[in-house]
1. Report those helices (runs of 4 or more DSSP H) wholly inside region 66-137 carrying at least 2 residues which are modelled with pLDDT of 90 or more, within 21 Å of Val215 (Cα to Cα) and out of contact with any His (no Cβ under 9 Å at 6 or more places or on another chain).
2. Can you name the residue in region 612-661 that is part of a helix (DSSP H, G or I) and touching a strand residue (DSSP E or B) at 6+ places or on another chain (Cβ under 8 Å) and is also surrounded by the most Cβ atoms within 10 Å (Cβ to Cβ) among such residues?
3. How about region 538-566: which of its residues are assigned to a strand (DSSP E or B) and either within 16 Å of Glu216 (Cα to Cα) or touching a His at 6+ places or on another chain (Cβ under 6 Å) (or both)?
4. Quick one: in region 76-105, which of the residues that are of a type in the set (D, E, K, R) and over 30 Å from Leu144 (Cα atoms) is surrounded by the fewest Cβ atoms within 10 Å (Cβ to Cβ)?
5. When residues of region 528-537 are filtered for being among the polar types (S, T, N, Q) and not in a loop (DSSP other than H, G, I, E, B), how many remain?
6. Test Glu499 against the stated conditions and say whether it is among the charged types (D, E, K, R), farther than 28 Å from Asn557 by Cα and within 20 Å of the chain's Cα centre (by Cα).
7. Is it the case that Ile645 is out of contact with any helix residue (DSSP H, G or I) (no Cβ under 8 Å at 6 or more places or on another chain), in contact (Cβ under 8 Å) with a residue 40 or more places away in the chain and within 24 Å of Glu576 (Cα to Cα)?
8. Kindly indicate the residue of region 514-535 that is modelled with pLDDT under 95 and in contact with a helix residue (DSSP H, G or I) (Cβ under 6 Å, 6 or more places away or on another chain) and also surrounded by the fewest Cβ atoms within 10 Å (Cβ to Cβ) among those meeting that condition.
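The values are calculated or read from the model by the stated rules, or taken from the named source; none is laboratory data. Since this is a predicted model, take the numbers as computed values, not measurements. Virtual Cβ from ideal backbone geometry, glycine too; neighbours counted across all protein chains shown.
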Amino acid sequence: MPKHNPGGDVRAGRPEPTCAEALCLLLLERETGRMPRTQRRAVHYAVAGAVLVDLTLADRIGNGSRHLRPTHPAPLGDDLLDPLLARIHAEPNRHGVAAWVEQTAEHADEIRRAALDRLVARGVLAVEKNGGFAGLGARRYSVLDDADHDLRRRLAHALSDDVVPAPRDVALIRLIDACGRFEQLVPPRELKRARQRITELRAEPLAGHAVASAVERSVAGLTPPAAPGIPVAGNAFSLAGDVRAYLTREYQRLGPVFRVRAFKRRITVLAGPEANMFLVKEGRNHLRSAEAWRDFAAELGAERAVMSMDGAEHDRMRNGMKRGYSRAAAEQHIPELVEIVRREIAAWPPDRPIAAHYALQRIATDELGILAAGTSPRDYLDDLIVFVRDLLLATVTRQRAPSLLKGRRFRRARARAEKLYQQVSASHDPARRRDAAPDLIDDLLELHRADPEFLPEADLRAGMLGPFIAGLDTMAGVCSFMLYSILKHPDVLERMTAEADALFANGGPTVRDIRRLDVTHRAALETMRMHPTAPALPRTVSNSFELGGYRLRAGENVLMAVAVPHYLPRYFPDPERFDIDRYAPPRNEHHQVGVFAPFGLGSHTCLGAGFAEVGIAVTMATLVHEAELTLDPPDYDLTIDPIPIAHPTKAFKFRMKPRNPGRN
């Protein structure tokens, strides 16, 4: 039999807070000492709802579904509630529930201030003033003795299936949810079950139900705040610049849901751990990538590619490709990875400036091309760079007009990419592959032969060129940023070099050796935190949903800013500092739920993440073992080309001197 949960004191000896006081206490941000600066209108509606719920629970107004009927005119002796009660009694038939919520919300700041002052007077909060003109600054509050702990525990308990919760607790939970702060009440692992429970509780006609419902409807009608922009262009230039820093600033100012505009194109941004958790848990049911990548696939002659698939067909395509992109596929070819890096180093002129990103593009595309597709793209590299860059700019990021793809330069690059595709295809004729270990291309061709309706020949081109595209973007970008980072931090470079020398001390590295790399692995993680390959992922809403107090409707274009938590000090202290010790016990900052997404999140997480991790580790370990590397000039500070995918500019150069050329 369900247990009844009547509520209880926050701390013995202290009066139980009113609904309004409890709401303000729970919404108070520990870090800033203030009420949320984001979703202000939603918070105002919730505060208004809280005082109306207090009057309902005090039996001063009725719980009707349409109107707030005064039931008892006697004042409560409460200077927060009595003025509102008097207004309701003065106009008993003129306003419905929603209208009273709207009207009371206009006084939300006064209510909030009074509620917090009461908590200060009772020793629940302490208050201090920031500096300001004539000493008038914004107040900051701090919670004393974890005074909100029991309240949070009680509300979490109210969401249990075996509890009949108090009406006050249900109303309070619903008001907090309307503000987009529901995730603060329950641990992430219990969030899905708790959300199911609150859906059940919404159907219960408990005291305060009509008020909570009116608040929820009012909040649902709100539109997300818009990031300020400039005339005509809107936020286009900010989005084309350091997008990770820009989206982080707007998240900190506007909250997890806000809107941006690039000329006439409007996009809703979903950011922060709230959005990341939603993407992991619910993204499959509510978001799709088809629209974002459809034109990219079409330019490759394909109706569909793995990036533009969703649901069951996406799962099937990933399963068909996962062996070729797996960690095991890279680990089986560690000697080949080492040899590719050594060949490139042997071609570098000693003590001469070398363009870092291009050099690493040569290495990464060779690694992925040879191991996953059996073909070196070296003769096609310059055209591939043009082909992939222009294609992404015109079809995915939309930072250039589609006419870019009609120019002579792109048409030549497309022709060369087609020639590479034909070469890869010809080299994988079954008669020529009898004694060869199957690679990614073999798996794609087998999937095509087994079910040509699912994977027609016309769609093979996108899959066969995939390894070369991944080498240009993911692996080369991470290795380039990592090289800069370790050259800027000689202590890390020294530790990595010692680790790499030990790796090669007894011959070529083995799988076990690579898995034991520590400094190299943590340096790669920190590089991907500071310079993620895909800081934001374009998606389209497939089924409407609510997040952060706002309703996202089917058909909306959204940008999942998955990397925003990478730069939030509450998760990664001093986030602009390169610090590989974040990833060692006891800190393990990357283990926090929903905050670390170096390869994306959800069903479209990078398929080649395992392959890339091995490739990056082997590449960087071989580099520092074989060559002494220095920045050129020594005081160079990194500049980044943000489009279409962030990478170091050509200004990033290094010099090298051989250390252990070709020696095992």
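1. Counting at least 2 such residues, we get 108-121.
2. Leu623
3. Within region 538-566, Phe545, Glu546, Leu547, Tyr550, Arg551, Leu552 meet the criteria.
4. The residue in question is Arg94.
5. Of the residues in that region, 0 qualify.
6. The answer is no for Glu499.
7. Spelling it out, it is not the case that Ile645 is out of contact with any helix residue (DSSP H, G or I) (no Cβ under 8 Å at 6 or more places or on another chain), in contact (Cβ under 8 Å) with a residue 40 or more places away in the chain and within 24 Å of Glu576 (Cα to Cα).
8. Thr533
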